[in-house]
Amino acid sequence: MPLLATAAILLFWVLLKARPIGLEKMLITKHSFFASFTKKERNRTLTSLLIFMGVGLLLDWAYKAGFTQIYTSTNDYNTAYLFISFFFALAINDVYFYFSHRFMHWKPIFTRVHYIHHQSHEPNPWSAFSFHPIEAVLQIAIVPIVALIIPIHIYVLIGFSSFMLLVSVYGHCGYELRANKPSIFNIFNNSIHHNQHHQFVKYNYGLYLNLWDRIFKTNHPTYTEVTDEFKQKERGEE
Ligand SMILES: [Zn+2]
Ligand SMILES: [Zn+2]
């Protein structure tokens, strides 16, 4: 898991450093991440990666002891289930993230734990895992939780963990990289969504789906408007 997380950070770092054409106008934060990145964030992220490794080792132990529902043979379940379990894992992750995130915004927890993550006012790839150690455990705990509650092939679990870590870094990269997507995809959160969470704090708690924030009316009032502005920028209408 730490290797996957590091790969996700490095992928975005290299991608953004290459400054593809049109990237600058998609900057959500005031400064690009080369200016906003702090050593504190990097050190906290490195600590989180060690915690991810510890949780990974615990999961390995639990798997060998037969406590998880991880399987390795594709004969155990049919091929369709490989896809179903991947999306099922994402759905569990989405619900878990929204409600655990709301919990972390409860004042006694926020002031002791989650405030660390919110010290990144201009998120960048190194902010994605810049957590208090307790939050690092809570965040990565979703991987063993999934492995405990649903039968999942080891490769699907790795694929799911990689996807989750990549989306986390995308949400913190500071740029909107897919503003001009067809409106049917508005059901998914974009990078602006989590960026606004770091700017305004009490809005936009969701991860993948813009569903829980809609149901609980926690979307920032300007989220759709700002997304539309970026859409126009990407189309070159501004
Ligand atoms: Zn938060
Ligand atoms: Zn964040």
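Here, each number is a calculation from the coordinates, and none is a lab measurement. This structure is a prediction, so every number in the text was calculated from the model and none was measured. A quick note on method: Cβ atoms are made from the backbone with ideal geometry, for glycine too, and the neighbour counts reach across all protein chains shown.
Where a Cα-Cα gap under 25 Å defines reach, which lysines qualify for Lys107, not counting those fewer than 8 residues away within the same chain?
Lys40, Lys202, Lys217
Going by a ≥ b ≥ c, the root eigenvalues of the Cα gyration tensor, does segment 89-137 fall in the rounded group (a/c under 1.5), the prolate group (a/b larger than b/c) or the oblate group?
It is oblate, given that a/c is not under 1.5 and a/b is not larger than b/c.
Sort 217-225, 187-195 by packing, meaning the average of other beta carbons within 10 Å per residue, with the highest value first.
Listed from highest to lowest mean packing, they are 187-195, 217-225.
Could you size up the charge dipole of segment 143-238 around its Cα centre, putting +1 on the beta carbon of Lys and Arg and -1 on that of Asp and Glu, and report it in debye to the nearest 20?
Using Cβ point charges on Lys, Arg, Asp and Glu, segment 143-238 gives about 240 debye.
Please get the size of the charge dipole for segment 100-194, origin at its Cα centre, with Cβ charges of +1 on Lys and Arg and -1 on Asp and Glu, quoted in debye to the nearest 20.
180
Given H placed on each backbone N at 1.01 Å, which residues far from Tyr175 in sequence or on other chains put an amide H within less than 5 Å of it?
Here the answer is Ile28, since their amide H atoms fall under 5 Å of that of Tyr175.
For the chain, with the dipole built from +1 on Lys and Arg beta-carbon atoms and -1 on Asp and Glu ones, taken about the Cα centre, which of Asn43, His153, Asn75 lies farthest toward the positive end?
My answer, from the dipole projection, is Asn43.
Which helices of the chain meet both criteria: a Cα extent of 15 Å or more along the helical axis and a mean Kyte-Doolittle score no lower than 1.6, with helices taken as whole DSSP H segments?
2-17, 154-172
Fewest Cβ neighbours within 10 Å first, please rank Thr38, Thr111, Thr74, Thr29 accordingly.
Ordered by Cβ neighbours within 10 Å, fewest first: Thr111, Thr74, Thr38, Thr29.
Given an 8 Å cut-off on Cα distances and at least 6 residues of separation, report the relative contact order of segment 79-238 as a percent.
Reported relative contact order: 25 percent.
With only Lys, Arg, Asp and Glu charged, each at its Cβ (+1 for the first two, -1 for the last two), find how big the charge dipole of the chain is about the Cα centre; round to the nearest 20 debye.
In debye, rounded to 20, the chain gives about 480.
Just check segment 180-221 against the gyration tensor rule for me: Cα atoms, a ≥ b ≥ c as the square roots of the eigenvalues, rounded for a/c under 1.5, and otherwise prolate or oblate depending on whether a/b exceeds b/c.
oblate
When a/c reaches 1.5 or more, the comparison of a/b and b/c decides; with that in mind, is segment 99-204 rounded, prolate or oblate per its Cα gyration tensor?
Oblate, since a/c reaches 1.5 and b/c is not below a/b.
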